[in-house]
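Working notes, beginning with the structure itself.
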Amino acid sequence: MINARGKIILANKQTRNLFGYDHEDLLGQPVEVLIPSALRDGHEAHRANYFLNPKQREMGADVELTAVHQDGHEFPVEISLSPLVTEAGTFATASIRDATARKQAQEQVSRLLEAAPDAMIVVNQQGSIALVNAQTERLFLYTREELIGHSVEVLVPERFRDQHKTHRRNYFVAPKVREMGAGRELSGLRQDGSEFPIEISLSPLQTETELLTIATVRDVSERKITEEKLRQYARSLEISNRELEQFAYVASHDLQAPLRNVVSYSQLLKRELPSLSDTAQQYFQYIETNATHMRDLIHDLLQFSRVNSARAAHKYIDINKAVQASLALLETEIKHHKAEVLVGDLPHIEADAGQLVQLFQNLIGNAIKFKRPGINPRVEIGSQTSASDSHVAIYVQDNGIGMDTEYQEKVFQIFTRLHSVEEYAGTGIGLAICKKIVENHSGDIRVEGGPDSGCRFVLTLSKVAPKNEIPSLQAEESPAIPTSANRDTDSEQSRDDNNPQDGPDNSHA
Amino acid sequence: MKVFICEDDPASLALTEIALENSFGLQNCLSASNGEAAWEALSNMKEAPDIILLDWNLPRVHGESLLERIRAHEDLATVPVIVVTTSISGSDNEAAETGGANDYIVKLPDFEAFQDSLKSAMERVLPH
């Protein structure tokens with residue numbers, strides 16, 4: 001406590017400890033002994049002014065205050081003043097707090113701010129910039145002097161400013177840590193007028209005196225460029241895939257006409273010849289089996305080219321029904337081989353019904369085809385625990401000839417055959433089609449079981465339809481590859497159309 | 001019976017002719033090897049044919065357009081048309097039906113099967 005002439009009349013224990021004086025050493029001394037000599041003159045003037053109009057106040061609210069210890073070292077302080085008016089005169093009580101720790105903390109914060117990889121801008125409730133770091137200067141091409149005290153909207157492109165002000169006011173009503181404009185494109189405005197894409201996150205900062213907001217701003221130009229490149233790449237891949245599929249379709253389609261002529265004329269030629277030697281019979285047999293194999297290849301290639309994700313129509317379906325439909329299509333084979341097919345309870349999922357029928361038709365058909373000689377095929381289909389919540393897992397187990405482990409991955413590649421055509425007919429496309437179908441359902445297929453235990457195919461299928469990553473392509477027609485007079489657009493989904501043997505059924509008799 | 005065959009592939013044309021001869025004893029059928037020539041011949045005929053066998057994938061004028069012209073033509077509008085195609089795609093089937101074809105058959109690789117399906121189709125569409 002000091003009197004109007006600036007003499008210390010009372011100093012408590014904390015004061016004596018803080019400054020390193022005994023009580024007697026301070027009493028009667030001008031208060032300026034506690035102030036570094038360089039600041040003493042200024043302080044005297046301030047003190048005189050204070051006593052002209054004494055009131056409760058923070059001292060040097062926006063100026064750093066420094067005090068001096070008895071041993072001569074200086075330290076930062078925070079001071080508040082209260083007047084005490086008595087009959088004996090006016091006195092002032094100064095509460096002095098050592099601000100060393102606080103100042104260190106502040107410096108740490110500011111060092112942290114500078115070290116942050118992003119631009120950080122501290123904004124007050126009025127929208128004025130209170131603090132920025134060096135990254136802010138670099139990013140927006142301003143010096144910090146040009147920014148501090150100015151409205152944060154100088155960093156916002158003009159067309160967004162009004163909107164930004166509204167958002168800012170709303171933010172201060174319920175401030176919390178959050179991403180700004182998630183899902184929206186945000187732009188920053190540099191001093192030179194150029195704009196750049198940014199990402200912002202906001203966190204409130206409650207200080208003793210006011211509520212501030214820290215905006216962390218990241219320049220995402222590079223990322224945007226990379227993203228765009230990735231998008232273009234994915235797009236070109238998609239187009240090239242579609243073109244390949246189109247090509248496979250058209251090629252296999254155009255192979256049918258010459259094949260038909262070869263088959264038909266070999267049949268007619270055979271009839272024209274009066275008598276055939278055993279060798280000639282054999283040759284005709286070769287033509288026939290090869291033509292049949294080629295027809296199967298064309299048929300399966302057509303199916304393979306048609307089974308693509310773009311054409312998959314996902315609906316909520318019962319897998320049991322898909323399996324039953326595939327069993328109906330396999331009726332002849334099942335009867336012929338006296339096969340037993342056991343179907344457990346299967347789940348409902350979002351899937352393309354036609355593709356699932358085809359999937360089970362291929363898998364069950366394989367299980368019957370690759371039977372053990374002399375043993376009736378037995379196929380079991382059921383649901384098993386899935387490794388993930390998002391997928392269902394289904395197995396197709398048979399008692400057939402099984403498969404060496406070394407082929408268990410290769411077998412899903414197109415044209416992979418483990419047996420000669422004489423042993424087991426087939427094109428090596430069936431399992432490739434299965435793989436494509438499960439992939440269209442964001443799933444996976446693998447085969448387990450050695451050569452003695454039959455095969456167990458395990459497939460996973462997503463419970464919900466996959467989101468299309470490049471939706472724009474859905475609506476577009478890929479450029480058709482021009483060939484002969486073909487005008488097929490292959491818009492049909494119907495599976496019956498895929499089978500050349502179903503030809504007569506196509507007529508609307 | 002007068003049959004007009006629109007078919008660009010000579011080997012396929014011969015197969016159709018053999019099938020017609022085997023099933024109905026028909027010989028010397030009229031034919032054209034592209035859509036333009038077919039229209040030229042059909043639209044200038046004094047007497048409309050009893051039946052038209054139309055290959056769908058015809059060069060110059062496609063089978064679909066040819067069918068459209070036939071159905072719009074005064075004398076040909078009511079002539080039965082059977083679309084004959086290699087295609088196994090359902091979209092052709094649909095287009096043929098929409099375009100007013102009376103029937104649709106596939107050029108099956110097995111000759112006997114093709115001959116049978118052509119015979120039944122012709123018997124279905126011809127007035128008895």
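The values are calculated or read from the model by the stated rules, or taken from the named source; none is laboratory data. Just so it is clear, the structure is predicted and the values come from calculations on it, not from any experiment. Quick reminder, even Gly has a Cβ in these numbers, built from the backbone with ideal geometry, and neighbours come from all protein chains shown.
A few comments on the model shown:
Here's the yes/no breakdown for (1) farther than 19 Å from A:Gln358 by Cβ; (2) at pLDDT 50 or above; (3) hydroxyl-bearing (Ser, Thr, Tyr):
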| residue | (1), (2), (3) |
| --- | --- |
| A:Ile437 | no, yes, no |
| A:Ser453 | yes, yes, yes |
| A:Gln474 | yes, no, no |
| A:Arg487 | yes, no, no |
| A:Gln501 | no, no, no |
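- When A:Glu406, A:Glu380 are checked against the criterion of being farther than 19 Å from A:Ala328 by Cα and outside any loop (DSSP other than H, G, I, E, B), a single residue qualifies: A:Glu406.
- All positions within the stretch A:192-213 that are surrounded by 13 or more Cβ atoms within 10 Å (Cβ to Cβ) and over 27 Å from A:Glu227 (Cβ atoms): A:Pro204, A:Leu205, A:Leu212, A:Thr213
Per-residue answers, yes or no, for (1) free of Cβ contacts under 8 Å to residues at least 60 places away in the same chain; (2) touching a Gly at 6+ places or on another chain (Cβ under 6 Å); (3) part of a helix (DSSP H, G or I):
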| residue | (1), (2), (3) |
| --- | --- |
| A:Leu359 | no, no, yes |
| A:Leu363 | no, no, yes |
| A:Ile368 | yes, no, yes |
| A:Ser386 | no, no, no |
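- Residues in the stretch A:386-403 that are farther than 19 Å from A:Lys335 by Cβ, modelled with pLDDT of 85 or more and in contact with a strand residue (DSSP E or B) (Cβ under 9 Å, 6 or more places away or on another chain): A:Ser390, A:His391, A:Val392, A:Ala393, A:Ile394, A:Tyr395, A:Val396, A:Gln397, A:Met403.
- Of the residues screened, A:Arg102 is not one that is without any contact (Cβ under 8 Å) to a residue 24 or more places away in the chain and either of a type in the set (Lys, Arg) or in a loop (DSSP other than H, G, I, E, B) (or both).
- Any hit, the stretch A:174-182, residues being under 20 Å from A:Thr209 (Cβ atoms), surrounded by 14 or more Cβ atoms within 10 Å (Cβ to Cβ) and touching a Leu at 6+ places or on another chain (Cβ under 6 Å): no
- Members of the stretch A:61-115 found to be surrounded by fewer than 15 Cβ atoms within 10 Å (Cβ to Cβ) and among the small types (Gly, Ala, Ser), listed by number: A:Ala61, A:Gly72, A:Ser80, A:Ser82, A:Ala88, A:Gly89, A:Ser95, A:Ala101, A:Ala105, A:Ser110, A:Ala115
Each row is one residue, and each column tells you yes or no for (1) more than 14 Å from chain B (Cβ to nearest Cβ); (2) of a type in the set (A, V, I, L, M, F, W, C); (3) closer than 23 Å to A:Ala425 by Cβ.
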position: A:Asp219; (1), (2), (3): yes, no, no
position: A:Glu227; (1), (2), (3): yes, no, no
position: A:Glu238; (1), (2), (3): yes, no, no
position: A:Phe247; (1), (2), (3): yes, yes, no
position: A:Ala257; (1), (2), (3): no, yes, no
position: A:Gln281; (1), (2), (3): yes, no, yes
position: A:Glu288; (1), (2), (3): no, no, yes
position: A:Asp296; (1), (2), (3): no, no, yes
position: A:His299; (1), (2), (3): no, no, yes
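- Sole residue being closer than 30 Å to A:Val173 by Cα and either of a type in the set (Phe, Trp, Tyr) or modelled with pLDDT of 85 or more (or both), chosen from A:Asp71, A:Asp62, A:Asp118: A:Asp118
- Answer residue from the stretch B:5-20, given it is more than 9 Å from chain A (Cβ to nearest Cβ) and in contact with a helix residue (DSSP H, G or I) (Cβ under 8 Å, 6 or more places away or on another chain) and is surrounded by the most Cβ atoms within 10 Å (Cβ to Cβ) among those: B:Cys6
- Qualifying residue in the stretch A:281-302 (condition: more than 16 Å from B:Pro109 (Cα to Cα) and of a type in the set (Val, Ile, Thr)): no
- Strands (runs of 3 or more DSSP E) within the stretch A:154-221 that include 1 or more residues under 23 Å from A:Glu114 (Cβ atoms) and out of contact with any helix residue (DSSP H, G or I) (no Cβ under 7 Å at 6 or more places or on another chain): A:178-180, A:195-206, A:211-219
- Tabulated pairs, the stretch B:16-27, first of a type in the set (Ser, Thr, Tyr), second modelled with pLDDT of 95 or more and assigned to a helix (DSSP H, G or I), C-beta under 6 angstrom, 6+ apart or interchain: B:Ser23/B:Lys119
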